[in-house]
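The numbers here are math on the coordinates, done by the rules we state, and not lab data. These numbers were taken from a predicted model, which means no experiment stands behind them. Here the Cβ positions follow ideal geometry from the backbone for every residue, glycine too, while neighbour counts run over all protein chains shown.
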Amino acid sequence: MLTLTKTTRVFSKPSKRRVHEILRCLDSLGKCFLHRVVLGIETSCDDTAAAVVDDTGQVLGEAIHSQTEVHLKTGGIVPPVAQQLHRENIERIVQQALLASKISPTELSAIATTIKPGLALSLGVGLTFSVQLVNQFKKPFIPIHHMEAHALTIRLTNKVEFPFLVLLISGGHCLLALVRGVSDFLLLGKSLDIAPGDMLDKVARRLSLIKHPECSTMSGGKAIEFLAKRGNRLHFDLRPPMQRAKNCDFSFTGLQHITDKIIMQKEREEGIEKGQVLSSAADIAAAVQHTVACHIAKRTHRALLFCQQRDLLPRNNAILVVSGGVASNFYIRKALEIITNATQCTLLCPPPRLCTDNGVMIAWNGIERLRAGLGILHEVKDIRYEPKCPLGIDISKEVGEAAIKVPSLKMNI
């Protein structure tokens, strides 16, 4: 038979230092289980977008207002027009995202907003509105680099660990970078003039594709991709730029000028005036798209070889991420698949809706920065937007000095 003996324990009063230690431990423990929720706001160019994302990667709510239809009528983005449209729509878009998420502003962990790079007038609208929200609801503010957000979107949709190579191709940007961390980027190459999306838009305008019945509501790049499916790229002899340059930089202006000359010549041959649709428009679109794809693929191939030679990427299962608006072009994706197969790498692209500018990628970048404890501001009085801003540390000169020869691959797409 067991006999229980009653004992009395005397607890001494803990010291203030001990109390603070216990509170710190509880605070750290609480942070481990904290459900972080971020509102992301994007107005870097011509789309007003907002989204609410939590730290599990769940998109709780999102909304977007596209200005594409307006800018198609003006033949391109007019900054003051884009600014006015952002002003007219930003409050409604943010409210829609919050309502869809069923999260009140008081429950947000932080507000993240694109402040660089982009159109100055557009960036200013997003920043001004965000600062008002931050001050009203006393929330931390996370300034977002637009290109970093594009690069890290893949970590929302796929389990991708650092490091990985990213190719960002859009209407405003074209660059290759090694992503080593949430805010740790090595820039391997960039466009020396215009971006591929801008070039494709200009060719589409020169071809007057907006007057083509099936392309009238499409952006320039989409119209080129659509029409190219019907064309024969071999009807025109276009060669990728920078064939002799052994670096990872890009150039598209020369190709655009050559294309303009071809269009002028065909207009004379067909006896039509500028502004009318050429019978050979599909063939020109196919040739231009193929040449752009080959140029992008070759520079990216060199970047992969450089990273492999320098052991900057894992030897097994190295990853190439392609993001940005032009990443939604499936012809260019197929060209990139050829080089990733040749280098035994994995090609990953976010879903098309997350390749173009959106609020989800901004909110997700905010989550990434909250986790890493990077760039979280509690004072926004002196925050400014930056229309022009580099990405990471530029080592493109080192890449060029390596002079890596890229083996010739057949681009049978």
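Here are a few things to note about the model shown:
- Placing +1 on the Cβ of every Lys and Arg and -1 on the Cβ of every Asp and Glu, with no other charges, gives segment 43-111 a dipole of roughly 220 debye about its Cα centre.
- Ascending count of other beta-carbon atoms within 10 Å, so fewest first, for Glu225, Glu273, Glu337, Glu214: Glu273, Glu214, Glu337, Glu225
- For GluC sites (Glu not before Pro), the sites in segment 77-182 that DSSP calls loop and that have at most 14 other Cβ atoms within 10 Å are Glu161.
- Of every Cα-Cα pair in segment 205-273, the percent that sits beyond 19 Å: 48
- Ranked by how many other beta carbons lie within 10 Å on average, peptides 275-282, 166-173 from highest: 166-173, 275-282
- Estimated 222 nm signal from helices in the chain, with DSSP H stretches of n ≥ 4 weighted -39500 (n - 2.57), rounded to 500: -14000 deg cm²/dmol
- Coordinate range along principal axes, alpha carbons of segment 188-346, Å, largest first: 57, 30, 24
- Neighbour-count ranking [beta-carbon atoms within 10 angstrom, fewest first] of Met361, Met199: Met199, Met361
- Assigned charges on the beta-carbon of Lys, Arg, Asp, Glu; segment 332-413 dipole about Cα centre (debye): 320
- Directionally averaged projected area (convex hull, Cα atoms, segment 279-325), nm²: 4.2
- Ranked list, fewest to most other Cβ atoms within 10 Å of each Cβ, for Phe306, Phe236, Phe137: Phe137, Phe236, Phe306
- Overall Cα dimensions of the chain - principal axes, largest extent first, Å: 108, 51, 46
- Calculated SAXS-style log₁₀ I(q)/I(0) at q = 0.13, 0.14, 0.15, 0.18 Å⁻¹ - segment 308-413, Debye, Cα scatterers: -0.77, -0.88, -0.98, -1.25
- For segment 220-313, the extents of the C-alpha atoms along the principal axes are 56, 24, 21 Å, listed from largest to smallest.
- The slack in the chain from Ala342 to Leu377, taken as 0.36 nm per residue of separation less the alpha-carbon distance, amounts to 8.2 nm.
- Of the cross-linked pairs Lys116/Lys334; Lys190/Lys410; Lys202/Lys334; Lys222/Lys334; Lys229/Lys405, those separated by over 26 Å at the C-alpha level are Lys116/Lys334; Lys229/Lys405.
- Available extension along the chain between Arg315 and Ala402 is 29.4 nm, counting 0.36 nm per residue and deducting the alpha carbon span.
- Comparing mean-square fluctuations of Asn329, Asn316, Asn232 from a GNM of the chain with C-alpha springs under 10 Å, the top value falls on Asn316.
- Whole-number D in µm² s⁻¹ for segment 145-234, Kirkwood Cα-pair radius fed into Stokes-Einstein, 25 °C, 0.890 mPa s: 163
- Inter-site label distance for Lys73 and Arg333 at 7 Å from Cα along Cβ, in nm: 3.2
- Computed about its Cα centre, the charge dipole of the chain is approximately 1280 debye, with only Lys, Arg, Asp and Glu carrying charge at their Cβ.
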